[in-house]
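The values are calculated or read from the model by the stated rules, or taken from the named source; none is laboratory data. This is a predicted model, so every value here is computed, not measured. We place every Cβ from the backbone using ideal geometry, glycine too, and count neighbours over all the protein chains shown. Note: accessible area is taken over every heavy atom of the protein model, side chains too, but ligands, DNA and RNA are not part of it. Shrake-Rupley method; radii C 1.70, N 1.55, O 1.52, S 1.80 Å.
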Amino acid sequence: MIEIISYQEFKGNDKAIVDRGFEKLVGELKEKYGAETLSSEIDDSELYTRIDELKIKFETLIDYITFCIKYGADLDVLSPSKLKISGNEMGETISYIIDFFKRFSEEYGIAFNVYVKKDVELDLDALKKGMYDDDDIFCFEEEDGLLRVKAVFSGEGKSEEVVIKNILVSLNPDIIVNKVITKPTEIEKETFSGLIAVEMFCNPFDIVEVAYKFLPLAVSFENSDIELDISEIQDIGNDLGGAIFELTHAAATMKGKN
């Protein structure tokens with residue numbers, strides 16, 4: 001079980017509209033999640049503002065993730081200090097994140113721009129064979145506590161090398177890439193279009209970021225059991241809430257210009 005404090009805030013010029021919308025939201029959270037109000041605050045010094053501090057509990061990680069994406073709230077995680085889940089449960093959670101952001105992108109025609117670093121040299125031959133031996137992999141998993149993840153991306157570009165490079169150099173530099181396998185679906189002269197499978201070692205926060213920014217076709221975990229500490233649970237929740245807020249704001253801005 002995951003227990004959090006969620007900080008919900010509404011503000012606006014019209015007191016009646018703010019009150020009505022805020023009470024509807026809090027009522028929904030109490031009905032769906034059994035939320036408990038810890039404190040309430042009203043500030044009308046500038047814009048009329050309602051703020052509630054709510055305690056909410058979730059039975060599963062995916063319930064927590066669903067809340068973070070839908071309500072996009074600032075939150076603090078109270079417990080557990082460590083959460084143990086299966087690799088399958090983590091995989092289902094990541095699939096949910098990918099599916100949600102993919103549908104959002106398709107509906108509103110907006111997604112994250114991924115920054116591609118330039119002037120980075122990659123040894124593609126070594127990547128195709130595997131960069132690390134069994135001892136290195138043991139250290140990554142057992143000593144560093146990293147997840148062993150396989151993600152499949154779809155890409156196209158001037159060449160296989162360009163497509164692979166564009167994916168790898170845009171990943172968080174903390175991610176350790178071990179191996180790359182490609183499967184072309186269409187080759188015409190110097191162009192490449194196909195699937196790129198990447199085996200990587202990373203922490204849970206990084207793979208969540210990969211999920212919503214890159215929208216991979218599939219993600220699987222080699223780990224049978226995965227442990228998330230309280231700070232990772234909190235960081236993931238706040239990051240997802242921030243991500244959907246950023247996209248929603250961008251979509252609203254685009255709509256306003258049309």
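List of remarks:
- Any hit, the range 158-180, residues being charged (D, E, K, R), assigned to a loop (DSSP other than H, G, I, E, B) and assigned by the TED database to the domain that holds I94: yes
- Filter result for E141 (part of a loop (DSSP other than H, G, I, E, B), over 23 Å from E246 (Cα atoms) and open to solvent by 40 Å² or more (accessible area, probe 1.4 Å)): no
- Taken together, the residues in the range 40-50 that are outside any loop (DSSP other than H, G, I, E, B) and either of a type in the set (D, E) or open to solvent by 50 Å² or more (accessible area, probe 1.4 Å) (or both) amount to 4.
- Going through (1) more than 25 Å from I85 (Cα to Cα); (2) in contact with a helix residue (DSSP H, G or I) (Cβ under 7 Å, 6 or more places away or on another chain); (3) of a type outside the set (K, R) one by one, D174 falls short only on (1).
- The residue list F153, F112, F100 contains one member that is assigned to a strand (DSSP E or B), under 17 Å from the mean Cα position of the chain (by Cα) and under 29 Å from L228 (Cα atoms), which is F153.
- The range 215-243, residues that are part of a helix (DSSP H, G or I) and surrounded by fewer than 19 Cβ atoms within 10 Å (Cβ to Cβ): I230, S231, E232, Q234, D235, N238, D239, G242
- Checked against the criteria, R20 does not count as crowded, with 18+ Cβ neighbours inside 10 Å and not hydrophobic (A, V, I, L, M, F, W, C).
- Evaluation of I164 against the conditions (1) crowded, with 19+ Cβ neighbours inside 10 Å; (2) within 28 Å of I233 (Cβ to Cβ); (3) aliphatic (A, V, I, L, M) shows that the sole unmet condition is (2).
- When R20 is tested against the conditions (1) touching a Leu at 6+ places or on another chain (Cβ under 9 Å); (2) free of Cβ contacts under 8 Å to residues at least 12 places away in the same chain, the lone failure is (1).
- For the range 192-216, the set of residues classified as closer than 11 Å to F153 by Cβ and of a type in the set (A, V, I, L, M, F, W, C) consists of L195, I196, A197, V198, V210, F214, L215, listed by residue number.
- Just one of the listed residues (S95, S79, S39, S105) is polar (S, T, N, Q), closer than 26 Å to D206 by Cβ and in the same structural domain as I236 (by the TED database), and it is S79.
- Checking each residue in the range 83-116 for being under 28 Å from I164 (Cβ atoms) and open to solvent by less than 40 Å² (accessible area, probe 1.4 Å) picks out G87, M90, G91, T93, I94, I97, I98, F101, F104, S105, I110, F112.
- Hits in the range 123-138 (condition: open to solvent by 80 Å² or more (accessible area, probe 1.4 Å), free of Cβ contacts under 8 Å to residues at least 24 places away in the same chain and not in a loop (DSSP other than H, G, I, E, B)): D125, D134, D135, F138
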